[in-house]
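Novice: Quick one: the structure is below, and I'll ask about it shortly.
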Amino acid sequence: MHMADALLAPAVAAVMYAASGTAAGISIHHLKKDDNPQKLPTMAVTAALVFAGQMINYTIPGTGSSGHMCGGMLLSALLGPHAGFLSMIVILAIQCLFFADGGLMALGANVWNMAFYGCFVGYYLIWRPIMNGGRSADRNGQRVRIICASVLGCVLTLQLGAFSVVLETSLSGITELPFGAFLALMQPIHLAIGLVEGLVTAAVLVFVYESRPELLRDVEPVSGAPKRSLKSVVIILAVVAALVGGGLSLLASSNPDGLEWALFGNAEAGYSENMGLDEENFGVSSGLADAAGSVQEATSFLPDYGFAGSESPAGTTVSGLVGSAMVAGVAVLICMAGGFFRKRRRA
C-alpha cells in the first residue's frame, strides 16, 4: 500500500504530512511518560520483525495480486499505540529513504494509511475492548480473544487504509482513477490481504502470550511463571526477523501488491488490466514530487531492496538484514531519548 508521489497532489500530501505529524507529536509526548524498562528491547526487535515481514509479499490466489503485512496491529498490541506508531514511522521512513519504497512526498499519507489506523483505530476500537472483555478468561479463552482481535483489527484497519488511498488520489484530481471503480478494486483485495495479515499477527501474539504474556497490552498474565525469559523471547523474535528478512524474502511473490494490482493489473500473467494505467507514465507531476524523487535517488543505496543495476538475490538478503538492523537501531535511540527526557523531567 506504499503510495508513489505521482498519486498525490502537493496540497493533499501536505495535509497528510500535517495529520501524521500531529499524531507523531502526541505519540512522542506519551512516550516521554512511559517508563516500562521492557519497552526498549521489545520495540527494537518487533520493529525489525515488521520491517522484515513487509518484505514478504504473499500471493492472493486467483487474482494475480499479492499482499504484505502492515504491522500496526502487531506493534500496538506489544508496545501500545503511541510507541507502535513511532515504530511504524521509523519503518516507513527507512523504507522510503534508503530502499525507495513509497514516495518521499507521499510519506505522510503512507504513515497515515498504514500506521495510524493499525496503531490507533485498531488498538482502541478492536484490541483493547476485546482483550479487556476477557479479563477472567482462561488460557484458551485468551488465545481466542487474541486471534479474534488480531484478525478483526487487521481487516478493519486495512480496509480503512485502502479507502484512504482511494480518497487521497481522488482529492488529488487524478481523473484516470474513477472513485467508484478504484474503490471496487481496492477494498476486496485488501480484505483478503488483511485476513492473511490477521492470521500472521495472531500467530506471533499467541507465541508471545504463551512465552511472556506481560509483554502484551491489556492481557491478563497466566498463573505461574512465564515459560521464557524476556531475553529469550527477544532473541527468538530477532532470529525470526533475520530469517524472514534475509532468507524468506527471497521467496516473496513477484505479483504486484494490492495497490499496484488495482492501478496496473497483471495482464502479463494472464489476469485483467484493472485500471490499466501506464506504469511509466501515470498520475500527476509536480515540482515538489520531482524534488522528492531526486532526494530519494540520492539516499536510496539499496533501491527496490536490491543492489542498484543488479538482480542478484544477495541484494534482497542484504536489504532484509541491513534494513532490519537500521530499524532496530533507530527504535532503540527513540526509547533512549524518551528515557533521557523522563529523567530530566524528574530531576
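Every number here is computed from the coordinates shown, using simple stated rules; none is lab data. This one's a predicted model, so the numbers in the text were calculated from it and none came from an experiment. Don't worry about glycine lacking a Cβ; one is built from the backbone with ideal geometry, like all the others, and counts go over all protein chains shown.
Novice: Which is the longest part of the chain that has none of the GluC sites (Glu not before Pro) sitting in a DSSP loop with at most 12 other Cβ atoms within 10 Å?
Specialist: Numbers: sites that count: 273, 279, 280, 311.
Longest site-free region, per DSSP loop and neighbour criteria: 1-272.
Novice: OK, next. For the chain, what is the mean residue ellipticity at 222 nm derived from helices alone (per DSSP H run of n ≥ 4: -39500 (n - 2.57); sum divided by total residues; nearest 500 deg cm²/dmol)?
Specialist: Details: 12 runs with 213 residues, N = 347.
It lands at -20500 deg cm²/dmol.
Novice: Would you please give the residues with an amide H less than 5 Å from that of residue 272, counting only those at least 5 places away or on a separate chain, with H modeled from the backbone geometry?
Specialist: Close amide H contacts, sequence-distant or interchain: 266.
Novice: For residue 138 and residue 248, what does the FRET efficiency come to when R0 = 35 Å and r is the distance between their Cβ atoms, rounded to the nearest 0.05?
Specialist: Details: r = 34 Å, r/R0 = 0.97.
That pair, residue 138 with residue 248, gives E of 0.55.
Novice: Could you give each residue of the stretch 48-63 its phi-based ³J(HN,Hα) in whole Hz, using Karplus coefficients 6.51, -1.76, 1.60 with θ = phi - 60°, and x for Gly or Pro?
Specialist: Going residue by residue, I get 5, 5, 5, 4, 5, x, 5, 7, 9, 8, 9, 5, 9, x, x, 10 Hz, with x marking Gly and Pro.
Novice: Multiply the residue separation of residue 199 and residue 281 by 0.36 nm, subtract the distance between their alpha-carbon atoms, and state the gained length in nm to one decimal.
Specialist: Numbers: separation 82, 0.36 × 82 = 29.52 nm, distance 3.64 nm.
That pair, residue 199 and residue 281, stretches by 25.9 nm at full extension.
Novice: Additional query: Counting only trypsin sites (Lys or Arg not before Pro) that sit in a DSSP loop (anything but H, G, I, E, B) with at most 13 other Cβ atoms within 10 Å, what is the longest stretch of the chain containing none of them? Present the calculation step by step, with values, prior to reporting the outcome.
Specialist: Values: sites that count: 33, 135, 227.
Longest site-free region, per DSSP loop and neighbour criteria: 228-347.
Novice: Same structure, new question: Amide H neighbours of residue 66 under 5 Å, at least 5 residues apart or on other chains, H built in the peptide plane: list them.
Specialist: 60, 257, 258
Novice: Amide H to amide H under 5 Å from residue 103: which residues, 5+ apart in sequence or cross-chain, H placed 1.01 Å off N in plane?
Specialist: 3, 4, 5
Novice: Find how much the distance from residue 312 to residue 273 grows on full extension, using 0.36 nm per residue of separation minus their present alpha carbon separation; answer in nm with one decimal. If you can, show how the numbers build up before the last one.
Specialist: Working: separation 39, 0.36 × 39 = 14.04 nm, distance 2.90 nm.
That pair, residue 312 and residue 273, stretches by 11.1 nm at full extension.
Novice: I'd like the Karplus ³J(HN,Hα) series for the stretch 142-148: coefficients 6.51, -1.76, 1.60, θ = phi - 60°, whole numbers in Hz, and an x wherever there's a Gly or Pro.
Specialist: 5, 4, 4, 5, 4, 5, 4
Novice: Please list 3J(HN,Hα) in residue order for the stretch 182-192, calculated via the Karplus relation 6.51 cos²θ - 1.76 cosθ + 1.60 where θ = phi - 60°; whole Hz, with x for glycine and proline.
Specialist: 5, 4, 5, 8, 6, 5, x, 5, 7, 5, 5
Novice: Then there is this: Please report how many Lys pairs in the chain have alpha carbons closer than 18 angstrom, counting only residues at least 8 apart along the chain or sitting on separate chains.
Specialist: On the way: 32/343; 33/343; 39/231; 39/343.
Eligible lysine pairs with Cα atoms under 18 Å apart amount to 4.
Novice: Full extension from residue 227 to residue 332: what is 0.36 nm times the residue separation minus their Cα-Cα distance, to one decimal in nm? Walk me through the numbers on the way to the answer.
Specialist: Values: separation 105, 0.36 × 105 = 37.80 nm, distance 2.56 nm.
Computed gain between residue 227 and residue 332 is 35.2 nm.
Novice: Mind giving me the FRET efficiency for residue 181 and residue 207? R0 is 56 Å, r the Cβ-Cβ distance, nearest 0.05 is fine. Numbers along the way, then the final one.
Specialist: Working: r = 41 Å, r/R0 = 0.73.
Efficiency computed from Cβ-Cβ geometry: 0.85.
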